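Asks: Provided herewith is a single structure, encoded as structure tokens, for subsequent inquiry.
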Amino acid sequence: MKVSKTAPSDNLRPRLGERLLFPGLQPRAYLAHCSISPVSVRIRQRLEEVLRSYEQLGALAFERWLPYRDVLRQRLARLSGAVPQNIALIPNTTQGVLSVALCFPWQRGDRILTFAGEFPANVTPWQRAAELYGLDLQFLPLAAQAQPDVLGALESALQDSSRGDVRLLAVSLVQFQSGLLMPIRAIAELCHRYGAAVCVDGIQGVGAVECRALEWGIDFLACGSHKWLMGVEGAGFLYIAEEWLPRLRQVMAGWLSHERTFDFLHEPEGGKLDYARPLRRDATFVELGTGNTLGYVALEAAAEVLEELGRGNIYDHICAYNDRLEEGLIDRGFTSMRSRPASGILSLIPPAGGLNTVQWVSALAERGVICSNPDGYLRFAPHWHNSLDEVDYVLECIDALM
């Protein structure tokens, strides 16, 4: 079935620094896109349409919305620099990382590298793989401030064969605490030189910062939709590089992982129920069971908006916002964790002797400024709809609380 959509009206077209698509958003400055993004009116209208169709048609509605998944793969490929046919639609980042961790062709004694400070979604799956397959999970130090020597620490670990061969590095595109934008291209080149694969957790970057999975040599890229992609919870994607598809062990598989998945449901004659059907060899073998139609349609609508604005324009706008906010906060005694090139996250340490980060988040929320406090940092994360004029208000709130 061909997907056809009506072009959005002028009042529903996104404009940098304007909240036209968020008429119901209550906070004066919503700066928590690194946590959960608010839902735009374009998403809400699409979701209402999906729910209405299921209300009216039941199972028939499934066929109507199924083509949106292929459109979504194409949009996600453009946003992440990947290949549409190598993208699987999954519930979240954890599911993507876990699929790689359990399906990778490990040998007992293999070594996995990751960095201290990674979000648990990019750690727990590797811990499980290490326990199940007899692997050695090694954490590399990562300085929070300034520009850490990521490549130096990584190469030292890759060269050290005393603990076994390094088979894979697990790393985030953007570190969730400090907002450090990792040099993924250089990391991938270095890892490949030593025969190691690279699995990237992209949830704190894709949608805001540049990502070129194919060009940079990323082997696996997992990402959820509810942060910088501005979708809803429960939807995401996993990109698997072409050369890895025949090498993965298909440990993660469900009824939708088979070839000719629906034959036994739709053929006119019986006897098509075949449990021995081979598993698909493309990335979709990790699409285990019934997918989240609402989440995928919402993500397609959100990705459409990002494409209309242009990833580069979005990044420049976010950086301009954070530049202005960072300068004002440093003048007020805050210590910035921001490195260059920057991500969409501005993390700071508050001045000593004042409010702690939990108190800052709570007090700012009472004044209509929404931010977050991961592990002792005060974290601001604007997106394309945040107006630069908001910064003055945020700083006024900071002054009042100091």
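Table: residues versus (1) modelled with pLDDT under 95; (2) open to solvent by less than 10 Å² (accessible area, probe 1.4 Å); (3) among the β-branched types (Val, Ile, Thr).
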{"site": "Gly271", "(1), (2), (3)": "yes, no, no"}
{"site": "Ala276", "(1), (2), (3)": "yes, no, no"}
{"site": "Arg281", "(1), (2), (3)": "yes, no, no"}
{"site": "Thr290", "(1), (2), (3)": "yes, no, yes"}
{"site": "Ala298", "(1), (2), (3)": "no, yes, no"}
{"site": "Ala301", "(1), (2), (3)": "no, yes, no"}
{"site": "Tyr321", "(1), (2), (3)": "no, yes, no"}
{"site": "Glu327", "(1), (2), (3)": "no, no, no"}
{"site": "Arg332", "(1), (2), (3)": "no, no, no"}
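Asks: Restricting to helices (runs of 4 or more DSSP H) lying wholly in the stretch 48-165: which have 2 or more residues that are more than 30 Å from Leu378 (Cβ to Cβ), touching a residue at least 24 places away in the same chain (Cβ under 8 Å) and open to solvent by less than 40 Å² (accessible area, probe 1.4 Å)?
Replies: 67-80, 93-103, 150-159
Asks: I've got another one for you. Just one of the numbered conditions (1) at negative phi; (2) within 22 Å of the chain's Cα centre (by Cα) is not true of Tyr133; which one?
Replies: Tyr133 satisfies every listed condition except (2).
Asks: Residue pairs, Cβ under 8 Å, 6 or more apart or interchain, first in the stretch 333-359 and touching a residue at least 60 places away in the same chain (Cβ under 8 Å) and of a type in the set (A, V, I, L, M), second open to solvent by 10 Å² or more (accessible area, probe 1.4 Å) and not in a loop (DSSP other than H, G, I, E, B). List them.
Replies: Qualifying pairs under 8 Å: Met337/Ile349; Ala342/Leu181; Ala342/Cys319; Ile345/Arg379; Leu346/Glu326; Leu346/Ser336; Leu346/Arg379.
Asks: Against the definition (more than 26 Å from the chain's Cα centre (by Cα) and open to solvent by less than 60 Å² (accessible area, probe 1.4 Å)), how does Gly376 come out, yes or no?
Replies: no
Asks: Among (1) free of Cβ contacts under 8 Å to residues at least 24 places away in the same chain; (2) over 30 Å from Arg64 (Cα atoms), where does Gly310 come up short?
Replies: The single condition Gly310 does not satisfy is (2).
The values are calculated or read from the model by the stated rules, or taken from the named source; none is laboratory data. Just so it is clear, the structure is predicted and the values come from calculations on it, not from any experiment. Note that each Cβ is placed from the backbone with ideal geometry, even for glycine, and that neighbours are counted across all protein chains shown. Side chains included, ligands, DNA and RNA excluded: accessible areas come from the protein's heavy atoms. Shrake-Rupley method; radii C 1.70, N 1.55, O 1.52, S 1.80 Å.
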